[in-house]
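The values are calculated or read from the model by the stated rules, or taken from the named source; none is laboratory data. All values reported here derive from a predicted model rather than from experimental measurement. Counting neighbours? That spans all protein chains shown, and the Cβs are built from the backbone with ideal geometry, glycine included.
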């Protein structure tokens, strides 16, 4: 059964909020916390679980304990316009491991998704903190009262009425949105209080506001769609949830969520990949007669190198435990890293060829291998053996991105790569 994970990788304060800016009693600049509402919906639209969780409070830590320092407003933090958290150039990309605490980058949901089974709906919001009564209790009540509407959307996705390619939706699309009142919110001094970023004026109430939260619906189809597609140009599985305040409140914040497939389920694989004991690389056995080895002539046939018959996953959805974009060169019969094809060197001369746009009539067997392969970082009992921290492909050494290397052993014999 496929297992998936949702994480909040970070946020970007595109414009700081305007709340209690005169006295800064709650710390310099803005203070943020993230709220995640998790609903589990059955195929009939009924809601089985409705849970809510908050992150730790992030911002200025000066004389304010139990906070996570965030922002550049003071040496002790304080979130101001332009700040990113974590403080990296691209907070939507995870640089390193997940944090064990409740602040980015951290896991907000992990679980199995079964075809035809339940759906998980994640509503991720960012809140401006002030130590005064705010809207949070009303928000929690609203989440319970709107179970029917969220369940109906889940039912529409299950039934194919709502397209799989639109797994992200807002409350307005359900015919609902949050409405509330904070007295003095629109006054010259504002109204300190815990509130979601993204509030807009309510024309029907001088002290009122409207709030339109965004949600991500995950079943096997929508999760695989997100994992396999770069829907916003931030990377596969990464989505930006943008919340924009009324201009009077000023706040504009992007929260970056990533959906990943961790494993489970059978991956399509192709056999007849062989180890050459001359160059120590892998080549496609079905093309041995026309292969070219960097050591000269053809690769060593399996009968002479005593290579096993290795299978490589192909056309697998993107996931944290494998690196995709490895390709087959139909000239040397070896593997090479697709994005580096322009600078590659093939033993047959020139650059490797990338037949990735060509049709592949036979993928599991035959004389032509899959054109897109995935190197699995860790498969129990089977690892890519190498004495170097680099992958070695015919004619070229490739250093994969940090964190993408497969597991290695230092006692090479016949290699075992991605056995399935």
- Task: Please find, within region 117-154, the residue that is surrounded by the fewest Cβ atoms within 10 Å (Cβ to Cβ) out of those that are modelled with pLDDT under 80 and outside any helix (DSSP H, G or I).
- Result: 133
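Every residue in region 339-370 that is at pLDDT 50 or above and either assigned to a loop (DSSP other than H, G, I, E, B) or outside the structural domain of residue 314 (by TED's automatic domain parsing) (or both), please. Steps first, answer last, please.
Taking region 339-370 and keeping what is at pLDDT 50 or above, we get 339-356.
Matches in region 339-370: 344, 345, 346, 347, 348, 349, 350, 351, 352, 353, 354.
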- Query: What strands (runs of 3 or more DSSP E) lie completely within region 207-323 and have 3 or more residues being within 27 Å of the chain's Cα centre (by Cα) and modelled with pLDDT of 90 or more?
  - Reply: 214-218, 238-244, 252-263
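Among the residues of region 93-129, what is the count of those that are in contact (Cβ under 8 Å) with a residue 40 or more places away in the chain and closer than 22 Å to residue 57 by Cβ? Outline the logic, then answer.
At the first step, the residues of region 93-129 found to be in contact (Cβ under 8 Å) with a residue 40 or more places away in the chain are 93-94, 96, 98, 101-129.
Then keep just the ones that are closer than 22 Å to residue 57 by Cβ; that gives 94, 98, 101-109, 122-129.
Count: 19.
Restricting attention to region 42-73, which residues are in a loop (DSSP other than H, G, I, E, B), at positive phi and buried (at least 19 other Cβ atoms within 10 Å of the Cβ)? Spell out how you get there, then give the answer.
The initial filter retains those residues of region 42-73 that are in a loop (DSSP other than H, G, I, E, B), namely 42-46, 55-57, 60-67, 70-73.
Subsequent filtering for residues that are at positive phi retains 45, 63, 66, 71.
Within region 42-73, 45, 71 meet the criteria.
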